[in-house]
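The next block holds one structure in the form of structure tokens; read it before the comments.
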Amino acid sequence: MKIAYWVVFLGIASCVNRSVVSVEETAEASLSEIAEHVVAIPLETNGRCRMGPVDTVKRAGNEFFVLSNRMLYRFDREGRFLSRIASDGDSRCSAIRDFAVDPQRRQVVAIDTCGHALFFAYDGTLVRCNTLAEKPWQSLLKIAYHDGHFWATAEQCATSASGGERKIEKWLYRLDASFDVVDGTPLCDVDLKRFHLSSHFDPELCVSPHGLYAYTASYEPEKLLADTLALIEGNGLEKILHTSADDPVPMLPFRLGQRFLIASNGKNGDESRYFYCYDLLEQRAFRLKNGFTDDFYQTGQVPDLQALDVYGNEFCYCRSGQAVSRLCPERAATDNPVLFVVRLKA
């Protein structure tokens, strides 16, 4: 199903009409329309490694780190199980909320639900445990590793200049190897040329060739195409990202890639689920309720593509049970998922 949308930009300040742009928005599409190739990696199942639904996958070098049911597992590039780095059954930590991989020191930092930063060696040995109680934020949201530092998005309370109104702000913090704060920068909404509520899913750090930004999925997927065109008009995205180090870091409703802009909310209920993708080369948009159809391995619909790192160079999705029965007929329904690594078209 294909729907042609005509989007008219109005120059509000000058009251002069801008150019009219015709963009085709597609409601059904195959994964091969955006993916160059997909590699299937069956993840090993054994007594120490039995996963449920996969929450997060991150890649460091040739190894994959998989968070499932608040437990963290490490696999090599062939899917062989290497170690269980953290789990709530170890009694040394509670359930894992998020994690970041430091490939330089071969360590993993995991944030648990009790407000601790847990430092693990790759083999699962607990190196140390830091409390986060004295940090400047009220709530830690997402963590990542980039350019020799850990980074965290967080919420904190702020008071207006008059000393009256209090509000919740989102910040990006740069942290050292001990998880101590180096500096922090506010996160800010970008100008979408329309009224919109400032409410977001948890923002996460992303890195583009033009600078840092935070990706947070939109609550209004039906407006993503118009928002995209408003942001890219006149090289607007580059201007937004080319800010000084003292300026707030922008929050964007999609991930920036070399060719594609991607946003998805594939983990929530059916009513709010969507997969949005904008092709900068062909000026074509995809807004899919159930995601792309997997025409590489015939596993059904792909409702979400998860970035494997902060740069968005590669993405992934996971399938198990009946969805992979044709690809891996020897795998039982209770075996660990198959990880599919996706390289998008250039």
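Structure summary
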{"quantity": "Members of segment 312-332 found to be open to solvent by 30 Å² or more (accessible area, probe 1.4 Å), assigned to a loop (DSSP other than H, G, I, E, B) and out of contact with any Leu (no Cβ under 8 Å at 6 or more places or on another chain), listed by number", "calculated": "N313, S320, S325, R326, L327, P329, E330, R331, A332"}
{"quantity": "Segment 56-82, subset of a type in the set (S, T, N, Q) and in a strand (DSSP E or B), residue farthest from V310 (Cα to Cα)", "calculated": "S68"}
{"quantity": "Long-range neighbours under 6 Å by Cβ, at least six apart or interchain, first residue closer than 16 Å to I262 by Cβ within segment 208-235, second acidic (D, E)", "calculated": "Y215/E204; L225/E25"}
{"quantity": "Filter pass, F286 being farther than 16 Å from V54 by Cα and assigned to a strand (DSSP E or B)", "calculated": "yes"}
{"quantity": "Checklist (1) at pLDDT below 90; (2) in contact with a Pro (Cβ under 8 Å, 6 or more places away or on another chain) applied to G236, failing item", "calculated": "(2)"}
{"quantity": "Residue ID - most open to solvent (accessible area, probe 1.4 Å), chosen from residues in segment 238-253 that are within 23 Å of A152 (Cα to Cα) and outside any loop (DSSP other than H, G, I, E, B)", "calculated": "I240"}
{"quantity": "The listed residue being farther than 24 Å from N46 by Cβ and in a loop (DSSP other than H, G, I, E, B), out of D309, D335", "calculated": "D309"}
{"quantity": "Residues of segment 168-191 satisfying the condition of being in contact (Cβ under 8 Å) with a residue 40 or more places away in the chain and in a loop (DSSP other than H, G, I, E, B)", "calculated": "A177, S178, F179, V190"}
{"quantity": "Hits in segment 217-232 (condition: touching a strand residue (DSSP E or B) at 6+ places or on another chain (Cβ under 9 Å), in a helix (DSSP H, G or I) and surrounded by 15 or more Cβ atoms within 10 Å (Cβ to Cβ))", "calculated": "P221, L224, L225, A226, T228, L229, A230, L231, I232"}
{"quantity": "Whichever residue in segment 291-300 is in contact with a Lys or Arg (Cβ under 9 Å, 6 or more places away or on another chain) and surrounded by 17 or more Cβ atoms within 10 Å (Cβ to Cβ) and, among such residues, is farthest from I41 (Cα to Cα)", "calculated": "G291"}
{"quantity": "Some residue of segment 194-201 being of a type in the set (G, A, S) and touching a Leu at 6+ places or on another chain (Cβ under 7 Å)", "calculated": "no"}
{"quantity": "Check on R174, of a type in the set (K, R) and at pLDDT below 95", "calculated": "no"}
{"quantity": "Identity of the residue in segment 192-216, modelled with pLDDT of 90 or more and charged (D, E, K, R), that ends up surrounded by the fewest Cβ atoms within 10 Å (Cβ to Cβ)", "calculated": "D202"}
{"quantity": "Subset of segment 35-51 (residues that are among the small types (G, A, S) and either open to solvent by less than 20 Å² (accessible area, probe 1.4 Å) or touching an Asp or Glu at 6+ places or on another chain (Cβ under 8 Å) (or both))", "calculated": "A35"}
{"quantity": "First in segment 294-307 and closer than 23 Å to F254 by Cβ and of a type in the set (A, V, I, L, M), second anywhere and in a loop (DSSP other than H, G, I, E, B) and at pLDDT below 95, Cβ under 6 Å, 6 or more apart", "calculated": "V302/G291"}
{"quantity": "Residue identified as under 22 Å from the mean Cα position of the chain (by Cα) and without any contact (Cβ under 8 Å) to a residue 40 or more places away in the chain among E165, E155", "calculated": "E155"}
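Table: residues versus (1) surrounded by fewer than 12 Cβ atoms within 10 Å (Cβ to Cβ); (2) modelled with pLDDT under 90; (3) in contact with a helix residue (DSSP H, G or I) (Cβ under 9 Å, 6 or more places away or on another chain).
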{"position": "A13", "(1), (2), (3)": "yes, yes, no"}
{"position": "S19", "(1), (2), (3)": "yes, yes, yes"}
{"position": "S22", "(1), (2), (3)": "yes, yes, no"}
{"position": "E63", "(1), (2), (3)": "no, no, no"}
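Residue-by-condition table, conditions (1) surrounded by 14 or more Cβ atoms within 10 Å (Cβ to Cβ); (2) in a loop (DSSP other than H, G, I, E, B); (3) modelled with pLDDT of 90 or more:
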site: R84; (1), (2), (3): yes, no, yes
site: S91; (1), (2), (3): no, yes, no
site: F99; (1), (2), (3): yes, no, yes
site: V108; (1), (2), (3): yes, no, yes
site: I111; (1), (2), (3): yes, no, yes
site: L118; (1), (2), (3): yes, no, yes
site: K135; (1), (2), (3): yes, yes, no
site: L140; (1), (2), (3): yes, no, yes
site: W151; (1), (2), (3): yes, no, yes
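The values are calculated or read from the model by the stated rules, or taken from the named source; none is laboratory data. Bear in mind the structure is a predicted one, so any value in this text is a computation, not a measurement. In this analysis, Cβ positions are derived from the backbone assuming ideal geometry, glycine residues included, and neighbour counts consider all displayed protein chains. Accessible surface is based on the protein model in full, side chains and every heavy atom, while ligands, DNA and RNA are left aside. Shrake-Rupley method; radii C 1.70, N 1.55, O 1.52, S 1.80 Å.
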